Every structure is written in structure tokens, then in C-alpha cells.
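Some notes on the structure that comes next.
What follows draws every value from the coordinates through simple rules; no lab data is involved. All values reported here derive from a predicted model rather than from experimental measurement. Here the Cβ positions follow ideal geometry from the backbone for every residue, glycine too, while neighbour counts run over all protein chains shown.
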Amino acid sequence: PVGACVGVRGSRIKNIVDELGGEKIDIVRWNDSSQVLIANALMPAKASEIALCFELGRAIVVVGEDQLSLAIGKHGQNVRLAARLTGWDIDILTPNEYNQGIEQLTKCAKSVEATDDTVVDKLIALGIISILDLEDVGTEPLIKELNIDAAVAEELVAAAAGETKRLAAESKSQAESLLEQQQQAEAPDNEQMKLE
């Protein structure tokens, strides 16, 4: 137990902290389950959901908005330490971001003929929660793990790649539009300064 490591009123851990020059120490309870270990490593932040994608070696951890900064830590230190401790790449998402990824994945998967909710459920169970994941994983795990027909798997990955490119172009267009609006808003100020 963690209490035995800390000792009465921190007596055991205090000596180690003194020896390390006041360095902070977290004690994490080990567990063979990767999901439980990741949740323990991110404590005191409370994870509401943890999805593992073995193909990508990545864990998606969903935390509430109020827990986000606690889970990530100062300059990302908490999540980096948890990733090193557990051996998983850890992405921290809010429930809204997680649901948005699932919605995009569902929409993309359903755009391919011969896919339905069961295919989407299988993808999510495999730890694929976004179109980027689907593109990164490729066809092989879909064929082997989910028993999806090779042609359908190729269509799914191609659809994900197409949707990713479309969203990237849309995002770039919005950024350019915003920049243009900012420049136009500043232009009258510059003209007025020249007149004075």
C-alpha cells in the first residue's frame, strides 16, 4: 500500500525528499491493467474514460474541463511523466473533444458502403476514436482484428484520409480568413496614423 511507502506522518518519504534536495515525489500504485495504471499515474486528476489503442501505443484519457490543467500539469509535465511511467503515449481530451472525434469517425465510417454502427463500435473498441487514428492505423488491423473485408477497410482508410485533408484545408482557410480580417481591421488605423 501507498501508506506503507510514505510512513507515519511521511517519515519514510521525508528522508528521501531531503536526500534529493527537496524534490517532490509522487507514489503511484502499480497495476497490471494499463488503464488502471494510467489513471493512477495521472492522480489526483480523475479520468472519466481511458481508451487504449494497442496498434498506435496510445491511450486517450478523457477528463472533465475542471480536471484538464491538473491532468496535463505545468508545461505538460504531469502527462509526460505519466507517459514515461506507463510506457504509453497519452493524449488528454475533454469529453467534448472526445465526442467530436467519435462523431467525425462515425460520419466518415458511415459514408462507406457496407459499414454500420457495429463497425463503428468495433473501431472504438479497438481504441480508434478519430479519423486521424483510422488513417494512422491503416488497413491491416481492421482486416485482422475486426474481420473487415479488405476492400471495405481500404475504403474506410481512404475516406478517413480524404476527410482529414478536407478538414485541414477548411481549418487553413478559416485561419487565412481570420488573418485577413485582422489585417483589414488594422489598415484603417495605419491610414489614420499616416494622415496625422
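Some notes on this structure:
- Over region 1-42, volume per residue of the alpha carbon convex hull, in Å³: 75
- All-pairs alpha carbon distance profile, region 1-151, 5 Å steps from 0, percent: 2, 9, 16, 17, 15, 13, 9, 6, 5, 4, 2, 1, 0
- Cα-based Kirkwood hydrodynamic radius, region 31-93, one decimal, Å: 11.3
- Pairs of Lys residues in the chain, spaced 8 or more positions apart or belonging to different chains, with C-alpha separations under 19 angstrom: 8 in total.
- What the Cα convex hull of region 98-195 gives, in volume per residue, is 102 Å³.
- Note on the chain: with a GNM built from Cα contacts shorter than 10 Å, the maximum mean-square fluctuation among LEU126, LEU146, LEU167 falls on LEU167.
- Normalised by the number of residues in the chain, the average gap of Cα pairs under 8 Å and 6 or more apart makes the relative contact order 13 percent.
- In terms of packing, defined here as the mean over residues of other Cβ atoms within 10 angstrom, the peptides 21-34, 104-117 line up highest first as 104-117, 21-34.
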